[in-house]
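Data block below; observations after.
The values are calculated or read from the model by the stated rules, or taken from the named source; none is laboratory data. All of these numbers come straight from a predicted model, not from anything done at the bench. We place every Cβ from the backbone using ideal geometry, glycine too, and count neighbours over all the protein chains shown.
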């Protein structure tokens with residue numbers, strides 16, 4: 001029993017590490033947003049869904065819902081995730097257009113409303129930890145599937161544009177790593193609500209990595225083709241320019 005608990009905690013620690021790196025990957029994206037003072041084609045939806053997911057699982061793992069601190073690793077990483085996602089959304093809001101600001105505001109209001117309702121119902125309406133875990137876990141499960149499904153938008157864009165510019169490698173890699181580790185943690189904990197969403201997240205993360213491998217050089221090849229074409233056109237114009245004076249001289 002002791003060794004099983006130790007293995008579960010070790011997997012949880014590694015899961016925390018992978019999730020920490022996953023949450024930090026968008027820092028590069030938002031540094032670009034700050035430098036360009038534009039959100040370009042980036043979407044805020046993944047970060048808003050991730051915020052809801054972090055809020056719900058932080059609440060799920062607290063002693064109010066869970067039995068004591070049995071899911072302490074889940075509290076720490078999701079609590080940190082809440083702070084990071086709020087920061088990303090604030091930066092996105094600051095540099096977005098008025099239309100997008102309105103969209104972000106409406107979605108944030110929706111997140112706060114859902115989380116507040118879940119918190120109040122689980123605290124005041126449900127008396128046992130079992131019922132609270134069942135209720136919060138079901139809502140968290142839906143949010144997690146939505147979070148892991150939100151990169152489908154980026155994957156669609158990668159296939160359409162044949163470019164991985166808006167789907168960074170490290171985001172896909174750490175998404176796959178984190179979801180695989182938390183899947184193992186959930187199975188070791190015999191916790192359906194921790195394992196189930198990662199049954200979706202792990203294959204999706206792997207699919208993103210496959211797409212990255214397929215399309216990572218496509219954009220470079222097209223860019224090199226454009227450069228070669230430009231050089232060829234320049235050489236042609238240069239040769240034509242040389243021939244014109246020669247022709248004029250022969251006519252005199």
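Spot the failing condition for residue 69; the list is (1) part of a loop (DSSP other than H, G, I, E, B); (2) at pLDDT below 90; (3) over 23 Å from residue 10 (Cα atoms), and only one is missed. Only one criterion is unmet by residue 69, namely (3). Could we say that residue 27 is over 20 Å from residue 93 (Cβ atoms), modelled with pLDDT of 85 or more and surrounded by fewer than 21 Cβ atoms within 10 Å (Cβ to Cβ) here? So residue 27 fails the test. The listed residues are 81, 110, and the only one of them that is surrounded by 15 or more Cβ atoms within 10 Å (Cβ to Cβ) and assigned by TED's automatic domain parsing to the domain that holds residue 194 turns out to be 81. Condition check for residue 165 on (1) within 30 Å of residue 68 (Cα to Cα); (2) part of a loop (DSSP other than H, G, I, E, B): one failure, at (1).
Regarding residue 34, is this residue surrounded by fewer than 18 Cβ atoms within 10 Å (Cβ to Cβ), at pLDDT 90 or above, more than 28 Å from residue 119 (Cα to Cα) and within 19 Å of the chain's Cα centre (by Cα)? Quick ask: steps written out before the conclusion?
Details: surrounded by fewer than 18 Cβ atoms within 10 Å (Cβ to Cβ): yes; at pLDDT 90 or above: yes; more than 28 Å from residue 119 (Cα to Cα): yes; within 19 Å of the chain's Cα centre (by Cα): yes.
Yes; evaluated as a whole, the condition is true for this residue.
Quick one: would you say residue 86 is in the same structural domain as residue 197 (by TED's automatic domain parsing), modelled with pLDDT of 90 or more and either surrounded by fewer than 20 Cβ atoms within 10 Å (Cβ to Cβ) or not in a helix (DSSP H, G or I) (or both)? Considered against the rule, which asks whether it is in the same structural domain as residue 197 (by TED's automatic domain parsing), modelled with pLDDT of 90 or more and either surrounded by fewer than 20 Cβ atoms within 10 Å (Cβ to Cβ) or not in a helix (DSSP H, G or I) (or both), residue 86 comes out as yes.
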